[in-house]
1. Please work out the Kirkwood hydrodynamic radius for region 4-76, using every pair of different C-alpha atoms, and report it in angstroms with one decimal place.
2. What order do you get for 108-114, 280-286, 14-20, 208-214 when each peptide is scored by the mean count of other beta carbon atoms within 10 Å, highest first?
3. If N is the number of residues in region 67-217, what value comes out of its Cα radius of gyration divided by 2.2 N^0.38 Å?
4. If contacts are Cα pairs under 8 angstrom and at least 6 residues apart, what is the relative contact order of region 270-335 in percent?
5. Once the piece of chain linking LYS283 and SER373 is laid out straight, how much longer is it, given 0.36 nm per residue of separation minus the C-alpha distance between them?
6. Which number do you get for Rg(Cα) / (2.2 N^0.38 Å) in region 287-373?
7. List, largest first, the extents of the alpha carbons of region 330-417 along their principal axes, each in whole Å.
8. May I ask you to list the lysines whose Cα is less than 22 Å away from that of LYS129, ignoring any residue fewer than eight positions away on the same chain?
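Values in this text are rule-based calculations from the coordinates and carry no lab data. All values derive from a computational prediction rather than experimental measurement. When we count neighbours, we look across all protein chains shown, and the Cβ atoms used for this are built from the backbone with ideal geometry, even at glycine.
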Amino acid sequence: MGRLVMKFGGTSVANIDRIRNVARHVKREVDAGHDVAVVVSAMAGKTNELVAWCTEASAMHDAREYDAIVASGEQVTSGLLSIALQAIGIQARSWQGWQIPIKTSDAHASARILEIDGSEIVNRFKERKEVAVIAGFQGINPQTGRITTLGRGGSDTSAVAIAAALHADRCDIYTDVDGVYTTDPRVVPKARRLDKIAFEDMLELASQGAKVLQVRSVELGMVHNMPIFVRSSFDRPEDIDPHGTPPGTLICSEEEIMESHVVTGIAFSKDEAQISVRQIEDKPGVAASIFGPLADANINVDMIVQNVSEDGRFTDLTFTVPATDYARARDTISASKARIGYARLDSATDVAKVSVIGSGMRSHAGVAAKAFSALAARNINIRAITTSEIKFSVLIDAAYTELAVRTLHTLYGLDQV
């Protein structure tokens, strides 16, 4: 017997038949004697529809009302799943974020979880063996009493935070894939599913473009040392032994992984834009004059490369931003031209970032050098490079993304079974 949090994404609850399938997954765990809380997303496509309605009503809509509207998608799903569970003899009730309560900051559409009081849910586990079906993606700001939402992918974050608050043994994330792979199998058919991956490696994979989990959910798992198990909701519930280990990937602390590979996986992102600020006078405060306004505009800067001229008088600064922020970033820099004092502003949107990730890099030299040689042999030009203790990223022309990923995947032996 244990305590589980089970999270189901939008494709897993896309219609009534799939919600019934989810109910059978939950029943399997209840019948095995576990206390179960379920966190659900809105039905596939529903959040996009609600967002579109907000925009249609008014392009400059109130963020507080936006949250009230988009949070309703999860409210519907939680009620429907509770009904489906009751129909197969499982005691269940739905919970909205404000009912638990999940207390958050007041940053509407991107709120952060401050505190969760799970005592009432735990009491109901003990007294009634009742399944808690919780609407993900949402909470309440205690000062204003308004509903808040956590941003895209926020149901993953809700699930891990609730698992920590309930002192669960594990948080199972059910999705439309059966685990975390060494890279995207659609790009590299030889990509392998990982049985286990360390929190740090998963955090880098998620932040560098892997779409399996939201970054904040992995951060929470690492902070609270909450094991996260990524698995498929499309496996037949009846075929799974609740006491066995089903197919999937366990995200856990590095100490629980017996052997750490040098490279764990390859991530990539085509949602990048490059901006180069040319011929700036090389003096103290120049970088602050560029990146300060970008920070004030809430634009995240990723890769940064600085080149100084031979005489040391001028410098070029090249950096990347998310493609969605490209136009705003250019406008922000242009508006500060007088203060920065640059000669020219160059930019490109046909770029991609490819990242090589692995905790084993800490104890192995020359890992990045091998990649640079392999990419050069394929005539792939590197525009920029960034490194950290367990990751390095290269910025390349977007047209070469798949070739670069396949080359690096093979180079580091990730094709091998």
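1. By the Kirkwood definition, the hydrodynamic radius is 13.7 Å.
2. Ranked from most to least packed, the peptides come out as 208-214, 108-114, 14-20, 280-286.
3. It is 1.14.
4. That works out to 45 percent.
5. Extra length from LYS283 to SER373 when fully extended: 28.9 nm.
6. It is 1.35.
7. Cα extents, longest axis first: 55, 29, 19 Å.
8. Leaving aside lysines fewer than 8 places away in the same chain, those within reach of LYS129 are LYS7, LYS27.
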